[in-house]
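> Here it is: the structure, laid out below.
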Amino acid sequence: MTDDKIMYVCADCGEHMPEACGHYDRYYLAVMPDGTWLCENCTSETDILSRCGVQPGGPDGDEWPRFHDFPHPPEYQPVMLSAAVHDALAERRRQIEVEGFSEDRDDKYVDGELASAALCYVMSAAHALTPQNSDKIEDLPEWWPVSWDEAFFKPTTARRDMIKAIALLLAQIESLDRAEENAVQL
């Protein structure tokens, strides 16, 4: 693991004032019974009681739970990514840096071209993985974007074609996310 610090975020702070949120020490947060992570500043007795499913003014003067009575978030455990995930992300980066497929260019494809191209690479991989087909697809699949040059379709091995497909799907998803974000801002 690198020396990068992990930031733990309070659910309420993160939603209402993200610029001021974040703790490098997990002990500044408590996990409420509903699973929400909260910092001490975002909890009041009423908040804690409502999250515990009890009402204020309990029977016989019982002591009500306080912020420090709750567990802290678990320690961060890095997620180990497989070689396939690394390869797909590297292919996405290659498409941007080497092929010049920038965000602006991807955003111009508004008819699902990136997803269609990904489908073609998945079809090529499925064809190659089918026992009776030991070769790659020779003909251009019918789903290939009509506005794209046929020379862009370059099937190789089943694994490599799936990596290309994943990278194209990431590009399509990122473009959809940007379009949605831009629509919200309008």
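Where a number appears in this text, it was derived from the coordinates with a stated rule and is not lab data. Nothing here was measured: the structure is a model prediction, and the numbers come from that model. Note: ideal-geometry Cβ built from the backbone for every residue, glycine included; neighbour counts use all protein chains shown.
> Only loop residues by DSSP count here, and only those with at most 13 other Cβ atoms within 10 Å; note down the GluC sites (Glu not before Pro) in segment 61-163 that meet that. Could the numbers behind the result be given before it?
On the way: sites: Glu63, Glu75, Glu91, Glu97, Glu99, Glu103, Glu113, Glu138, Glu142, Glu150; in loops: Glu63, Glu75, Glu99, Glu138, Glu142.
Taking segment 61-163 and a limit of 13 other Cβ atoms within 10 Å, the loop GluC sites (Glu not before Pro) found are Glu63, Glu75, Glu99, Glu138, Glu142.
> Would you grab the residues whose amide H sits under 5 Å from the one on Tyr8? Only those 5+ places off in sequence or on another chain, please, with H modelled 1.01 Å from N.
His23, Tyr24, Asp25
> Quick one: length gained pulling Glu181 to Ser50 fully straight, 0.36 nm per residue minus the C-alpha distance?
Details: separation 131, 0.36 × 131 = 47.16 nm, distance 3.37 nm.
43.8 nm is the gain from fully extending Glu181 to Ser50.
> Shifting gears a bit: Full extension from Glu97 to Tyr28: what is 0.36 nm times the residue separation minus their Cα-Cα distance, to one decimal in nm? Spell out each step's value before the answer.
Values: separation 69, 0.36 × 69 = 24.84 nm, distance 4.06 nm.
Once the chain is fully extended between Glu97 and Tyr28, it gains 20.8 nm.
> Now for a separate question. Which trypsin sites (Lys or Arg not before Pro) does segment 87-127 hold that lie in a coil by DSSP with at most 13 other beta carbons within 10 Å? Before the final figure, lay out each step's value.
On the way: sites: Arg92, Arg93, Arg94, Arg105, Lys108; in loops: Lys108.
Sparse-neighbourhood loop trypsin sites (Lys or Arg not before Pro): Lys108.
> Then there is this: Test of understanding: ordering Thr36, Thr43, Thr130, Thr157 by Cβ neighbours within 10 Å, fewest first, what list do you get?
Thr130, Thr157, Thr36, Thr43
> Taking 0.36 nm per intervening residue step and subtracting the Cα-Cα distance, what contour gain separates Asp69 from Ile173 on full extension? Before the final figure, lay out the partial values.
Values: separation 104, 0.36 × 104 = 37.44 nm, distance 4.19 nm.
My answer for the length gained is 33.2 nm.
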